[in-house]
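The values are calculated or read from the model by the stated rules, or taken from the named source; none is laboratory data. No experiment lies behind these values; they were computed from the predicted model shown. Because the Cβ atoms are built from the backbone with ideal geometry, glycine has one as well, and the counts that use them run over all protein chains shown.
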Amino acid sequence: MSGMKIAPSILSADFANLQKDVEITAQAGAEYLHIDIMDGHFVPNLSFGEPILKALRPHSKQIFDCHLMVDNPEDYIAILAEAGADVIGVHYEATPHIYRVLQQIKETGCKAEVVINPGTPVTVLTDLLEVVDAVLIMTVNPGFGGQKFLPGMLSKIKELNRIKKDRKLGFEIEVDGGINDKTIIECQQAGATVAVAGSFVFNSANPSATIQLLHEVTGD
Ligand code: DX5
Ligand code: ZN
């Protein structure tokens, strides 16, 4: 099994030293940088927006993986693409027009990702899988870092991976929430290919070594 791509989430980074924290993740070999954008409506928390993305872009060549936790996500696609996003993830639950928003993302040249909450079944994705570049399965309720992994989500990852294989599709399967050196292995075995990790990386004594550990335990 080839290694998983690691996406450190800057939600748990030191906001007073963001550039430094991002550079640490790049030097440690993290292929992605996960950027959680929250509006205080879709989720009960506020984080940051496009100016942070723009400010970080010159300091990293990583894949900027923007996880939009906002109402009216269609209003932010062009702005984020312009600011330097590579992947834009939109919640299935955030819009009645998910198909259109995914098309809108692809039109900007970014990779389109659909995200599902823990309470949303994989079956809603059936008619989207030919359009998307990635699916993000939330393994906690969205809104906050540092929550406990929901083991019930593993069966959803397996189900999605089975459909992916049956239909011979190539989208990434990303997991987000409660990822550590144990849960990442369970997710990998279930079929996940990209793992977001926030508090496990940035609340550790040595974030660089922690990213390397996540690579090691998943086979890199
Ligand atoms: C939660 C965010 C996550 C968060 C993960 O809504 O989407 O990306 O940063 O944090 P941990 O890894 O601490 O669960
Ligand atoms: Zn996230």
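Looking only at segment 37-61, count every residue that is assigned to a strand (DSSP E or B) and in contact (Cβ under 8 Å) with a residue 60 or more places away in the chain and tell me the total. Qualifying residue count, segment 37-61: 1.
Within segment 188-220, the set of residues being hydrophobic (A, V, I, L, M, F, W, C), in contact with a Lys or Arg (Cβ under 9 Å, 6 or more places away or on another chain) and more than 14 Å from ligand 1 (Cβ to nearest atom) comprises Ala190, Val217.
For every residue, the table says whether it meets (1) closer than 29 Å to Phe48 by Cα; (2) out of contact with any helix residue (DSSP H, G or I) (no Cβ under 6 Å at 6 or more places or on another chain).
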residue	(1), (2)
Leu154	no, no
Gly178	yes, yes
Thr193	yes, yes
Phe202	yes, no
Ala209	yes, yes
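Screening Thr126 with (1) more than 15 Å from ligand 1 (Cβ to nearest atom); (2) polar (S, T, N, Q); (3) buried (at least 19 other Cβ atoms within 10 Å of the Cβ) gives one miss only, at (3). Consider segment 1-22 and keep the residues that are in a helix (DSSP H, G or I) and surrounded by 16 or more Cβ atoms within 10 Å (Cβ to Cβ). The one that is nearest to ligand 1 (Cβ to nearest atom) is Leu11. Pairing residues of segment 131-160 that are among the acidic types (Asp, Glu) with residues that are within 14 Å of ligand 1 (Cβ to nearest atom), at Cβ distances under 8 Å and at least 6 apart in sequence or on separate chains, gives Asp133/Val87; Asp133/Glu113. For segment 96-123, filtering for residues that are away from ligand 1 (no atom under 16 Å from the Cβ) and either under 12 Å from the mean Cα position of the chain (by Cα) or buried (at least 18 other Cβ atoms within 10 Å of the Cβ) (or both) leaves 9. Sub-6 Å Cβ pairs linking a first residue in segment 201-220 that is under 22 Å from Gly177 (Cβ atoms) to a second residue that is acidic (Asp, Glu) and in a loop (DSSP other than H, G, I, E, B), at least 6 apart or interchain, are Leu213/Asp181; Val217/Asp181, ordered by first then second residue. Is at least one residue of segment 59-71 more than 15 Å from the chain's Cα centre (by Cα) and at pLDDT below 95? Checking segment 59-71: not a single residue is more than 15 Å from the chain's Cα centre (by Cα) and at pLDDT below 95. In segment 135-151, the qualifying residues are those that are within 8 Å of ligand 1 (Cβ to nearest atom) and exposed (fewer than 15 other Cβ atoms within 10 Å of the Cβ), and the one that is nearest to Pro121 (Cα to Cα) is Asn141.
Looking across segment 33-91, the residues that are more than 14 Å from ligand 2 (Cβ to nearest atom) and either on the phi > 0 side of the Ramachandran plot or of a type in the set (D, E, K, R) (or both) come down to Gly40, Glu50, Lys54, Arg57, Lys61, Asp71, Asn72, Glu74, Asp75, Glu82, Gly84, Asp86. Just one residue in the set Gly109, Gly146, Gly152, Gly177 is more than 30 Å from Pro96 (Cβ to Cβ) and at pLDDT 95 or above; that residue is Gly146. Checking each residue in segment 23-46 for being more than 10 Å from ligand 1 (Cβ to nearest atom) and touching a helix residue (DSSP H, G or I) at 6+ places or on another chain (Cβ under 8 Å) picks out Glu23, Ile24, Thr25, Gln27, Ala28, Gly29, Ala30, Leu33, Phe42.
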